[in-house]
1. I'd like the full set of residues that are among the small types (Gly, Ala, Ser) and touching a strand residue (DSSP E or B) at 6+ places or on another chain (Cβ under 6 Å), limited to the range 14-33.
2. Residues that are more than 23 Å from ALA96 (Cα to Cα) and surrounded by 11 or more Cβ atoms within 10 Å (Cβ to Cβ): does the range 149-161 have at least one?
3. Restricting the search to the range 170-197, which residues are outside any helix (DSSP H, G or I), without any contact (Cβ under 8 Å) to a residue 40 or more places away in the chain and surrounded by 14 or more Cβ atoms within 10 Å (Cβ to Cβ)?
4. Quick one: count up the residues across the range 235-274 that are within 16 Å of GLU189 (Cβ to Cβ) and either in contact with a strand residue (DSSP E or B) (Cβ under 9 Å, 6 or more places away or on another chain) or not in a helix (DSSP H, G or I) (or both).
5. Go through (1) in contact (Cβ under 8 Å) with a residue 60 or more places away in the chain; (2) surrounded by 13 or more Cβ atoms within 10 Å (Cβ to Cβ); (3) of a type outside the set (Asp, Glu) for THR45 and report which single condition fails.
6. Given the conditions (1) under 21 Å from SER36 (Cα atoms); (2) of a type in the set (Val, Ile, Thr); (3) exposed (fewer than 13 other Cβ atoms within 10 Å of the Cβ), which single one is not true for VAL117?
7. Considering only the range 198-211, state which residues are surrounded by fewer than 13 Cβ atoms within 10 Å (Cβ to Cβ) and among the small types (Gly, Ala, Ser).
8. Being aromatic (Phe, Trp, Tyr) and either outside any helix (DSSP H, G or I) or in contact with a strand residue (DSSP E or B) (Cβ under 7 Å, 6 or more places away or on another chain) (or both) is the filter here, so list the residues in the range 114-153 that pass it.
Amino acid sequence: MPAQFIGVAGLPRAGSTLLCQLLAEHPDIHCEGHSSPLCNALLATRRSISDDSFMLSQLDVQFDTTYGHLQSAMQGFLQGWYAGVNKPVLVDKNRAWLHCIELLLQLQPNAKLLVSVRELGQIYGSIEAQHQKTILLDFIDHLADFDRLGRADQLFAKDKAIGAPLSSIQAVQDLPQAIKDRIYFVRFEDLVSRPVETMAQVYRWIGAADFKINPAQLAVRPHESDSHFRHKYLHTLHGSITPPKRHENPQRVEDLIRKACAWYYDWFYPAPKN
């Protein structure tokens, strides 16, 4: 029986690294924890093959057969990426999985997706706090010259670090219910305040056997590169879970975030009913 494929995506500074660390605690789950090139490779294949003249000419004369070749080849690439791993559940981390979930499900119909989310002001605050610690280094997309409000505006742009995955999350609302059912959102706040209960629910949803983590004694594995992101988005792993301190942001930034992303707060952080 083929392994259950689980993609991990989500917002930056929202706990995807911690989520992968906790997934890897389960003896039946293979999770390397690093951002994987698998999703990027599949997207690059789609772009490249769509411009190939031999492919296009074959589609003209035998569309179904040629399209079938392409599907089986891409399925083989996806399944072969973790060849030799003998565990019932495979976890692959890449923020782009949510954006291309329909492609993933075309290749792996039983795949599921875990998506990490967090209160947006705290995401911005975490990034800004790390920038202040490394202010002599610029961001990979050159945001250091902006003031704090300008940097926040840039970070939330549709092609930037927060805005791009945020747009993918918003787009979930337009997906058919059958696809929505393959997506599970994990709130960072739940992960750090109620890790045992939260992970029990995650394990159950992905179809893994019951397992209880010990949040005070976690395995610490090598984390992915921080230099690629100019040390603005750290992926540090710890041996235990400690909720982070709250970031105090300028009120003007907080107000703009909540106004621009009201849909997000309604969905994940609804106001308590009276």
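1. The answer is ALA14, GLY15, SER16, ALA24.
2. Looking for residues that are more than 23 Å from ALA96 (Cα to Cα) and surrounded by 11 or more Cβ atoms within 10 Å (Cβ to Cβ), one finds at least one in the range 149-161, hence yes.
3. ARG194
4. Number of matching residues: 14.
5. Among (1) in contact (Cβ under 8 Å) with a residue 60 or more places away in the chain; (2) surrounded by 13 or more Cβ atoms within 10 Å (Cβ to Cβ); (3) of a type outside the set (Asp, Glu), the lone unmet condition for THR45 is (1).
6. Unmet for VAL117, out of (1) under 21 Å from SER36 (Cα atoms); (2) of a type in the set (Val, Ile, Thr); (3) exposed (fewer than 13 other Cβ atoms within 10 Å of the Cβ): (3).
7. ALA209
8. PHE139, PHE146
The values are calculated or read from the model by the stated rules, or taken from the named source; none is laboratory data. In this text, all values refer to a predicted model and were calculated from it rather than measured experimentally. In this analysis, Cβ positions are derived from the backbone assuming ideal geometry, glycine residues included, and neighbour counts consider all displayed protein chains.
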